[in-house]
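Below is one structure, written out as structure tokens, with a few remarks after it.
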Amino acid sequence: MSESHSLFLVLENATVKHLGNVIFRQLDFQMMEGQSWAILADSGSEKTAFLETILGKTTLVEGRIRRVFAETYQRGKSLKGEINSFRDLVAVVSQKYEFRNKSNMQDFYYQQRFNSSESEEAVTVEEYLRDIEVKISGNWNLEKVLELLHLEHLSDKSLIKLSNGETRRLAVAGALIKNPRLLLMDQPMTGLDVESRAEFGGILETIVQSGIQVVMTSSAGEIPEAISHVATLKGGRLSQAGKREDCRLENVKLKSGSSLPIEKIRTLMKQVELPVFEEVVNMADVTIRYGEKIILDRLSWQVKQGENWSLKGHNGAGKSTLISLIFGENPQAYANRITLFDRRRGSGESIWDVKKPTGFVSPEMTRYFPKSQTCLQIVLSGFFDTVGLFRRITDVQEKLALDWLTALNLRHVSSFRLNQVTLEQQRFCLLARAMVKSPALLILDEAAQGMDEFQREVFKEAVEEICSNSDITLIYVSHYEEDIPSCVNRRIVLREGQIEELI
């Protein structure tokens with residue numbers, strides 16, 4: 001072992017509980033001054049739990065964790081009689097981020113992102129960063145984080161108007177402005193387009209060179225060059241822990257084989273009788289603007305029933321806005337020529353008429369559900385297109401919801417609150433919520449985001465079974481080509497609000 005003065009962080013013989021279960025046994029980890037680590041694992045929840053263990057948010061049953069990097073700081077603060085924590089020196093980029101309005105209440109609803117007057121209740125990017133409590137002075141300030149994360153042009157933009165990728169960059173900026181000694185990042189490239197993922201390596205290099213040490217979770221194929229050390233979690237312990245160049249990343253294998261009861265999905269889909277539509281979507285010269293900013297520019301697109309589309313484009317290309325027009329969330333739909341399910345928008349339909357034939361899944365949705373509701377209640381809310389369950393349900397509805405939870409291997413978490421289950425279970429729960437109403441159109445907007453590699457394969461398999469056993473129409477949004485199901489045979493690509501490719 002290296003001399004203690006070089007130690008930065010140590011876990012010794014740690015047995016750790018997470019979400020009520022023992023997830024690590026006799027876990028040993030040693031991080032030295034100047035090192036930055038990538039943590040790999042088959043399970044996304046296992047990687048997240050490792051970071052939460054460092055942060056002190058899991059239960060240490062046996063062993064110990066020593067946060068050497070904070071000892072001098074805490075000792076000095078204690079001698080002065082000042083309240084302190086090692087967390088003063090730690091910043092986190094989580095996959096779960098929440099927004100609050102100017103009254104510091106998290107009471108936004110999902111459609112609010114597209115209503116310009118209501119979005120004024122949310123703080124702007126600059127206001128958000130200025131409000132962050134900074135306990136440690138250092139290299140990073142507002143100007144520098146805006147520049148590094150390419151957020152200068154978004155400084156006056158409302159947080160709820162940000163794209164998913166823009167939100168990820170803001171999360172990194174918010175962590176960096178705290179000038180931490182240790183930066184914990186959980187799958188930080190999730191939700192970033194190909195170009196942004198390539199740029200992230202340079203951003204991380206700048207962060208590390210500023211003296212901040214990093215522990216990030218990642219997949220084997222996405223480890224930035226700034227990372228010096230790699231470790232793999234297997235069976236609740238670390239293996240292959242060492243210098244990046246000494247680790248054989250090709251040996252990090254995915255689990256194989258489906259974990260879903262495929263026949264259950266097939267049976268459920270065969271019970272569905274979809275109405276017949278000539279056109280599911282027809283947009284003609286659609287233009288969407290906010291002030292002087294044009295988001296969609298004279299876009300025309302037709303989707304026939306039974307077609308399976310991928311929707312691609314860089315962060316900020318207009319994908320979320322396009323989806324909002326289809327799902328009835330964007331009030332500017334009425335000013336454009338848009339037909340959904342053979343009915344022209346603005347012909348007397350309610351928003352519920354628009355939403356009824358469509359199932360929608362987006363990772364952002366989990367922010368908006370009531371924290372007290374169970375996974376079963378979240379799935380049941382799909383019958384009513386509400387973000388949470390607020391109505392009485394029938395025995396038939398409850399049975400169908402439980403059938404979908406069973407088909408997606410979620411029956412055992414049906415009574416758990418949504419924020420008590422793992423991130424990948426949340427994603428499958430949202431898929432079950434979309435499917436209970438037997439939608440004619442299924443929109444999956446980065447639906448597998450944040451899942452580990454194995455669960456992404458399982459999710460893709462579930463979608464393929466849903467599409468191959470019905471005449472459902474699919475629109476699949478993803479920056480990752482490998483996430484797109486094989487049933488997808490059409491493609492639309494956006495760039496700066498215009499169609500770059502349509503095949």
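The values are calculated or read from the model by the stated rules, or taken from the named source; none is laboratory data. Small disclaimer: the values here were computed from a predicted structure and weren't measured. FYI the Cβ positions are ideal-geometry reconstructions off the backbone, even for glycines, and counts take in every protein chain you see. Only protein heavy atoms, including side chains, enter the accessible area calculation; ligands, DNA and RNA are left aside. Shrake-Rupley method; radii C 1.70, N 1.55, O 1.52, S 1.80 Å.
Overview of values
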{"read-out": "1.4 Å probe accessible area per residue over the range 186-323, in Å²", "value": "46"}
{"read-out": "Spatially proximal lysines relative to residue 135 (Cα-Cα < 18 Å; intrachain offsets below 8 disregarded)", "value": "77, 80, 144, 178"}
{"read-out": "Dipole axis of the chain (+1 Lys, Arg; -1 Asp, Glu on Cβ), positive-most option in 435, 393, 242", "value": "393"}
{"read-out": "Proximal charge balance of residue 394 [Cβ under 15 Å; K/R count +1, D/E count -1]", "value": "+1"}
{"read-out": "Cβ-based charge dipole, the chain, positive-most Cα from 295, 214, 63", "value": "63"}
{"read-out": "Sum of -39500 (n - 2.57) over DSSP H runs of 4+, divided by residues of the chain (222 nm, nearest 500)", "value": "-8000 deg cm²/dmol"}
{"read-out": "Three-way shape label, the range 213-322, alpha-carbon gyration tensor, a/c 1.5", "value": "oblate"}
{"read-out": "Of all DSSP beta bridges in the chain, antiparallel share, percent nearest 5", "value": "55"}
{"read-out": "Average accessible surface area per residue within the range 370-465, 1.4 Å rolling probe, Å²", "value": "35"}
{"read-out": "Environment charge of residue 263, counting only residues whose C-beta is closer than 14 Å and scoring Lys/Arg +1, Asp/Glu -1", "value": "0"}
{"read-out": "Per DSSP, loop trypsin sites (Lys or Arg not before Pro) in the range 10-82 with at most 16 further Cβ within 10 Å", "value": "57, 80"}
{"read-out": "Rounded, prolate or oblate (a/c below 1.5 giving rounded, otherwise prolate when a/b exceeds b/c) for the range 134-204 by Cα gyration tensor", "value": "oblate"}
{"read-out": "Whole-percent carbon and sulfur share, accessible surface of the chain, 1.4 Å", "value": "46"}
{"read-out": "Relative packing of peptides 493-501, 271-279, 159-167, 406-414 - highest average C-beta neighbours within 10 Å first", "value": "159-167, 406-414, 493-501, 271-279"}
{"read-out": "Most to least accessible of 468, 347, 310 (protein chains only, probe 1.4 Å)", "value": "468, 347, 310"}
{"read-out": "Probe 1.4 Å, accessible area per residue of the range 1-57, Å²", "value": "40"}
{"read-out": "Members of 57/399; 96/355; 57/293 lying beyond 31 Å, as alpha-carbon distances in this model show", "value": "57/399; 57/293"}
{"read-out": "Between the range 79-97 and the range 320-367, the Cα center-to-center distance that results, in Å", "value": "42"}
{"read-out": "Reach of residue 356 by Cα under 15 Å, taken over aspartates and glutamates that are not fewer than 8 positions away in the same chain", "value": "273, 329, 342, 385"}
{"read-out": "Net +/- balance of residues flanking residue 56 in space, Cβ distance below 14 Å, scoring K and R +1, D and E -1", "value": "+4"}
{"read-out": "Cβ-placed point charges (K, R +1; D, E -1), dipole of the range 283-339 about Cα centre in debye, nearest 20", "value": "80"}
